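The values are calculated or read from the model by the stated rules, or taken from the named source; none is laboratory data. What you see is a predicted model; the values in this text were computed from it and never measured. Here the Cβ positions follow ideal geometry from the backbone for every residue, glycine too, while neighbour counts run over all protein chains shown.
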Amino acid sequence: MRRFNKTMTVLVFIFLYIPMLVLGVASFNSGTDVATFKSFTFSQYGNLFRDDALLTLLRNSVIIAVLASLISTVFGTMAAVGIHSMKGRMRRAVMTLTDIPMTNPDIVTGVALALLFAFTGTLLRTQSVLGFWTLLIAHITFDFPYVILNVMPKLQQMDPDLEEAALDLGCTPYQAFMKVVIHEIMPGILSGALMAFTMSLDDFVISYFVTGSSFITLPVEIYNYTKKPIQPKIYALFTLMFAVILALMVLMNFLQGRGEKEARLRPGRREARAR
Amino acid sequence: MKKRILALLLAAFLTAAVLPARAQAAGGEITVYNWGQYIDDGTDGTIDVLAEFTKETGIKVNYLTYDSNESLYTKLKTGGTTFDVIIPSDYMISKLKEEDMLEKLDFGNIPNYKYIDEAFKNQTYDPQNEYSVPYTWGTVGLIYNTKYVSASDAASWSCLWNANYAGKMLIFDNCRDSFAIAESMLGYSLNTEDSSELRACSDLLSTQKSLLQGYVMDQIFDKMERAEAWVAPYYAGDYLTMAEENPDLAFSFPKEGFNIFIDALCIPKGCQNKAGAEAFINFLCKPEISGQNLEYLGYSTPETEAKQYMSAEVTSSPIAYPDQETLARSESFSNLSVEATQEMNDLWLQVKTSGSNTTSYLILTLAAVAAVILIFVITGLDKKRRLSRRCRKWKTEGQQPAK
Amino acid sequence: MLRMKNKLLASPYIVWMILFILVPLGIVFYYAFTDSITGQFTFSNLSNMGAYLPIFLRSIWLSFFASVICLLIGYPVAYYIALCPPRKQRLLELLIMLPMCMSFLLRTLAWVAILEDTGILNSFFGVFGIGPLPLIRTNGAVILGMVYNYLPYMILPLYTVIMKIDPRLVEAAADLGCRPGKVFTKVILPLSAPGILSGVTMVFVPAVSTFYISQKLGGTGTTLIGDVIESQFKTAYNPNLGAAMSLVLMVLIFLCVSIMNHFGESDSEDGMVTV
């Protein structure tokens with residue numbers, strides 16, 4: 001049974017990474033056809049770095065992702081703390097509200113926001129509503145649930161008396177909040193922020209409906225590229241991003257492993273637990 | 001303390017990164033919205049029109065593309081973006097004019113307008129020449145791969161309904177161009193508004209659907225060049241571009257008739273930099289620019305002067321500049337009424353969404369619904385049985401002393 | 001006092017969500033019931049939905065098959081990862097999430113290049129003289145695309161839930177005389193039901209509303225709802241019809257998810273593990 005699971009896992013990993021291999025090979029191809037390999041060349045990477053437009057798009061995507069995840073993390077954590085103090089019907093209502101963007105398909109959220117902005121446009125009698133701000137609003141909106149759903153479990157696991165103990169020991173309410181509560185839920189905040197950043201960086205469907213032409217993100221422009229003869233420097237961009245993210249993840253894994261090893265070896269904690 | 005400094009630095013860095021994104025370039029900036037693959041971008045040693053324009057005037061160009069008149073119209077209608085120059089086709093220009101979405105051009109800023117041939121002025125879509133300046137003109141025809149498709153088959157639009165080429169045919173992904181093919185085959189005008197005629201066209205297009213490889217616009221380049229598809233209707237200029245990559249490709253003007261079009265430069269309402277837009281239009285009308293640009297594109301120029309800057313091979317091409325006898329079979333689009341446009345859109349949607357083997361899906365769904373109801377009933381009965389068994393067990397146990 | 005202040009923390013979030021989730025949905029309602037030309041109240045958008053019933057059915061069934069396949073493939077993988085030592089677990093988890101961070105547009109394009117008539121697989125078969133197989137533009141290709149894109153969304157929730165199953169329960173069942181097969185069906189499967197449900201939902205919802213996968217990997221006979229909605233907003237300018245379709249899509253998804261949740265609850269209502 002275990003061997004079956006293991007072979008399945010290996011097969012699935014191969015399946016998941018085949019396109020990466022195909023695109024990686026295509027990025028070194030001098031011809032434009034992915035299926036036929038003409039000759040090995042680095043020229044696509046050269047084209048990529050000379051293409052200001054593509055790099056601008058990448059920068060746009062990163063800016064939106066960073067801003068949206070920051071804002072949604074800050075306000076989402078505040079909201080999670082607030083929801084945690086709520087009871088009964090109010091809490092259920094707010095949690096349902098939080099679940100709506102998760103259970104709604106992306107296309108419906110995108111369409112709804114696009115209609116909202118169009119409606120606002122006709123109210124304010126302007127034509128140029130869609131742009132940086134509408135994109136940011138949309139991203140923050142769908143990032144919120146990711147943050148809240150990552151922070152809430154940590155709040156629920158936290159010992160409720162810790163905050164009171166801090167107050168008893170002389171902290172101001174603000175200090176108690178920052179030093180105790182935030183510290184306890186920090187893993188949830190970090191994973192929520194990371195998820196929000198990842199979702200924003202690669203979001204296509206929602207951005208496609210709410211983006212104007214003044215501020216375009218990379219996924220939307222890639223979609224436009226797929227409607228025309230493909231330019232191979234896109235494959236170079238993809239392979240580079242893949243390499244960078246892979247390196248980051250391996251690094252994170254390594255650091256996390258080291259952090260855990262240190263925690264295990266710290267003597268003070270072990271003694272305290274033994275007591 | 002450290003964290004707070006870090007947070008402040010991060011915030012400062014982010015604001016610094018965002019601000020330049022919205023700063024305007026020094027000589028001004030214009031946003032041009034054009035068809036895809038419709039301007040020379042400097043590949044293969046040809047001129048980069050946009051770069052040349054910026055060099056000459058100092059105005060930076062923000063360049064975006066669309067793939068059909070309908071996409072352009074939708075983009076302008078849904079708002080949210082301002083463009084300075086757009087390049088619609090003839091019928092779309094009259095539609096935009098009627099809906100008051102175009103600015104009148106200041107021809108004082110476009111002195112090169114004098115090079116446009118008289119034959120292209122005073123067209124039905126802009127009789128007073130107030131809103132547009134012709135950019136290219138062209139025709140629609142059938143592109144086919146001579147290795148797989150015979151020339152005799154390709155002489156008629158019915159080639160696209162030929163089952164021998166099933167799965168290897170493409171057609172336009174916009175309603176007017178596709179309906180035009182059906183209208184030619186059925187002998188109707190390309191601008192008919194008659195409901196029964198439109199419906200006959202959509203029925204004809206529906207019969208074609210199962211034989212098609214797909215509905216495409218600019219994806220056609222890759223597909224025809226690699227011989228993934230063998231026959232497709234498209235614009236003559238793009239055929240000339242594709243033929244350079246794949247010499248097996250040939251072009252025919254089908255005998256039933258075809259569409260001839262003029263694409264012209266216009267300035268939409270809401271533009272940010274009208275003077276810059278007019279400078280751009282003026283630049284494109286320069287004979288050397290028009291000549292070199294259109295030689296690269298393969299489309300036909302509306303300026304005789306520009307032909308001096310094009311090679312003889314192009315100016316004598318019967319595909320780029322067909323003779324009068326061929327042109328007699330052509331017809332241009334005019335704008336349809338709002339109701340007719342809506343009806344055509346609805347019929348087109350029906351064509352694209354009508355499907356086969358729906359019966360199998362219906363059967364599956366009915367079976368699933370039946371299965372769901374069955375499971376509800378069975379689990380309900382099963383639960384009742386288990387509960388009653390448990391109750392009986394407790395009753396009997398209660399009567400015996402516990403051991 | 002602390003409670004009151006805490007509750008207020010959630011208020012910016014609640015206002016934001018009402019403004020950007022509930023109000024847009026209301027606007028979708030408004031557009032769905034408005035005629036596109038005259039702007040008056042009408043049921044015609046919705047009553048015309050009947051013509052698109054085959055498309056709705058096709059979307060639902062293709063996504064359903066994709067979800068089932070994801071479940072069958074993903075369960076062994078999630079099981080394997082759940083039983084791995086923590087360090088390996090984290091590495092595998094990151095490797096599964098990595099494809100999710102990469103542009104799914106380009107990854108799907110890679111599959112187009114692989115499956116095309118002149119693509120990689122068919123060129124390979126051509127070497128052996130096997131004629132070009134019709135791999136692309138079939139329902140199967142669309143399902144493949146859906147499975148490929150959404151498999152990680154199935155594996156991650158499953159693995160999180162399976163990891164939390166108390167191993168003592170499994171041991172106890174074995175001690176009480178269960179064969180491994182029965183241990184699985186009577187203990188592990190019911191306890192992993194919440195993970196199965198959440199995984200299936202996370203695959204089904206985006207799969208049923210996709211338009212990119214069917215555009216690239218599908219043919220003329222595999223139009224899905226997402227395609228139609230996208231075309232109504234981007235090419236044919238008819239936001240009323242698009243809004244009506246989005247509304248029907250939302251209701252359908254809500255129904256499907258409720259049925260699934262009902263099954264999940266009725267399974268675990270017994271609570272006790274019967275042998």
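Residues that are of a type outside the set (D, E), more than 24 Å from C:F211 (Cα to Cα) and within 8 Å of chain A (Cβ to nearest Cβ): list the helices (runs of 4 or more DSSP H) wholly contained in the stretch C:1-118 that include at least 3 such residues.
Answer list for the stretch C:1-118: C:2-9, C:11-17, C:53-82, C:86-101.
Applying the condition of being more than 17 Å from C:F29 (Cβ to Cβ) and β-branched (V, I, T) to the stretch A:97-117 and asking which residue is surrounded by the most Cβ atoms within 10 Å (Cβ to Cβ) yields A:T98.
B:L297: within 14 Å of chain C (Cβ to nearest Cβ), under 21 Å from the mean Cα position of the chain (by Cα), surrounded by 12 or more Cβ atoms within 10 Å (Cβ to Cβ) and of a type outside the set (V, I, T), yes or no? No: the conditions fail for B:L297.
This table checks each residue for (1) in contact with a helix residue (DSSP H, G or I) (Cβ under 6 Å, 6 or more places away or on another chain); (2) among the charged types (D, E, K, R); (3) crowded, with 17+ Cβ neighbours inside 10 Å.
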{"site": "B:W157", "(1), (2), (3)": "yes, no, yes"}
{"site": "B:L160", "(1), (2), (3)": "no, no, yes"}
{"site": "B:M169", "(1), (2), (3)": "yes, no, yes"}
{"site": "B:A182", "(1), (2), (3)": "yes, no, yes"}
{"site": "B:L190", "(1), (2), (3)": "yes, no, yes"}
{"site": "B:D203", "(1), (2), (3)": "no, yes, no"}
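Going through (1) closer than 30 Å to A:L218 by Cβ; (2) at pLDDT 85 or above; (3) out of contact with any Gly (no Cβ under 7 Å at 6 or more places or on another chain); (4) not small (G, A, S) one by one, C:C101 falls short only on (2).
Mind checking which helices (runs of 4 or more DSSP H) fall wholly inside the stretch B:233-328 and carry at least 1 residues that are small (G, A, S)?
B:236-245, B:274-285, B:287-297, B:312-315
Within the stretch A:83-97, does at least one residue satisfy the condition of being closer than 30 Å to A:L237 by Cβ and small (G, A, S)?
Taking the stretch A:83-97 first, the residues closer than 30 Å to A:L237 by Cβ are none.
Scanning the stretch A:83-97 turns up no residue that is closer than 30 Å to A:L237 by Cβ and small (G, A, S).
Select from the stretch C:241-259 the residues that are more than 9 Å from chain B (Cβ to nearest Cβ) and crowded, with 23+ Cβ neighbours inside 10 Å and write down the one among them that is nearest to C:S63 (Cα to Cα). Give the steps one after another, and end with the answer.
Initial filter on the stretch C:241-259 (more than 9 Å from chain B (Cβ to nearest Cβ)): C:242-258.
Filter once more, keeping what is crowded, with 23+ Cβ neighbours inside 10 Å: C:242-246, C:249.
Details: C:G242: 21, C:A243: 22, C:A244: 21, C:M245: 17, C:S246: 17, C:L249: 13 Å.
By that ranking, first place goes to C:L249.
Scanning the stretch B:72-129 for residues that are away from every other protein chain (no Cβ under 14 Å) and among the small types (G, A, S) gives B:S89, B:S94, B:G108, B:A119.
Residue-by-condition table, conditions (1) in contact with a Ser or Thr (Cβ under 6 Å, 6 or more places away or on another chain); (2) within 14 Å of another protein chain (Cβ to nearest Cβ):
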site	(1), (2)
B:N273	no, yes
B:L327	no, no
B:W348	no, yes
B:V351	yes, yes
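Is there a residue in the stretch A:99-108 that is hydroxyl-bearing (S, T, Y), more than 7 Å from every other protein chain (Cβ to nearest Cβ) and either within 24 Å of C:G242 (Cα to Cα) or free of Cβ contacts under 8 Å to residues at least 40 places away in the same chain (or both)? No, the stretch A:99-108 contains no residue that is hydroxyl-bearing (S, T, Y), more than 7 Å from every other protein chain (Cβ to nearest Cβ) and either within 24 Å of C:G242 (Cα to Cα) or free of Cβ contacts under 8 Å to residues at least 40 places away in the same chain (or both). No other residue among A:N60, A:N29, A:N5 is more than 30 Å from C:S198 (Cβ to Cβ) and in contact with a Pro (Cβ under 8 Å, 6 or more places away or on another chain) apart from A:N29. When A:I148 is tested against (1) within 14 Å of chain B (Cβ to nearest Cβ); (2) touching a helix residue (DSSP H, G or I) at 6+ places or on another chain (Cβ under 6 Å); (3) in contact (Cβ under 8 Å) with a residue 40 or more places away in the chain, only condition (1) is not met.
In the set A:A68, A:A53, which member is away from chain C (no Cβ under 12 Å), closer than 25 Å to A:T239 by Cα and in a helix (DSSP H, G or I)?
Values: A:A68 fails: closer than 25 Å to A:T239 by Cα.
On inspection, the qualifying residue turns out to be A:A53.
For B:S332, state whether it is within 18 Å of B:F172 (Cβ to Cβ), away from every other protein chain (no Cβ under 14 Å) and touching a residue at least 60 places away in the same chain (Cβ under 8 Å).
On the way: within 18 Å of B:F172 (Cβ to Cβ): yes; away from every other protein chain (no Cβ under 14 Å): yes; touching a residue at least 60 places away in the same chain (Cβ under 8 Å): yes.
It is true that B:S332 is within 18 Å of B:F172 (Cβ to Cβ), away from every other protein chain (no Cβ under 14 Å) and touching a residue at least 60 places away in the same chain (Cβ under 8 Å).
Would a scan of the stretch A:190-211 turn up a residue that is of a type in the set (V, I, T), within 14 Å of chain B (Cβ to nearest Cβ) and either free of Cβ contacts under 8 Å to residues at least 24 places away in the same chain or surrounded by 15 or more Cβ atoms within 10 Å (Cβ to Cβ) (or both)? For the stretch A:190-211, residues of a type in the set (V, I, T), within 14 Å of chain B (Cβ to nearest Cβ) and either free of Cβ contacts under 8 Å to residues at least 24 places away in the same chain or surrounded by 15 or more Cβ atoms within 10 Å (Cβ to Cβ) (or both): present.
Restricting attention to the stretch B:141-155, the residues being buried (at least 21 other Cβ atoms within 10 Å of the Cβ) and among the β-branched types (V, I, T) number 2.
Go through the stretch C:30-51 and count every residue that is of a type in the set (G, A, S) and within 17 Å of B:V338 (Cα to Cα). Reasoning before the result, please.
Quick first cut of the stretch C:30-51, residues of a type in the set (G, A, S) only: C:32, C:36, C:39, C:44, C:47, C:50-51.
Checking the rest, the ones that are also within 17 Å of B:V338 (Cα to Cα) come to C:36, C:39.
So the answer is 2.
Scanning the stretch B:342-390 for residues that are surrounded by 12 or more Cβ atoms within 10 Å (Cβ to Cβ) and part of a helix (DSSP H, G or I) yields a count of 25.
Counting only helices (runs of 4 or more DSSP H) that fall entirely inside the stretch B:46-129 and contain at least 2 residues that are of a type in the set (A, V, I, L, M) and farther than 19 Å from B:N282 by Cα, the qualifying elements are B:69-77, B:90-98.
Taken together, the residues in the stretch A:1-32 that are more than 8 Å from chain C (Cβ to nearest Cβ) and more than 24 Å from C:M97 (Cβ to Cβ) amount to 6. The single condition from (1) within 14 Å of another protein chain (Cβ to nearest Cβ); (2) of a type in the set (A, V, I, L, M, F, W, C); (3) surrounded by 18 or more Cβ atoms within 10 Å (Cβ to Cβ) that B:A227 fails is (3).
Filtering the stretch C:233-272 to residues that are aromatic (F, W, Y) and at pLDDT 85 or above leaves C:F233, C:F254.
Let's see how each residue does on (1) within 14 Å of another protein chain (Cβ to nearest Cβ); (2) surrounded by 21 or more Cβ atoms within 10 Å (Cβ to Cβ); (3) over 30 Å from B:L105 (Cα atoms):
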position: B:T207; (1), (2), (3): yes, no, yes
position: B:L212; (1), (2), (3): yes, yes, yes
position: B:V216; (1), (2), (3): yes, yes, yes
position: B:A232; (1), (2), (3): yes, yes, yes
position: B:M242; (1), (2), (3): yes, yes, yes
position: B:P254; (1), (2), (3): no, yes, yes
position: B:A277; (1), (2), (3): no, yes, no
position: B:I281; (1), (2), (3): no, yes, no
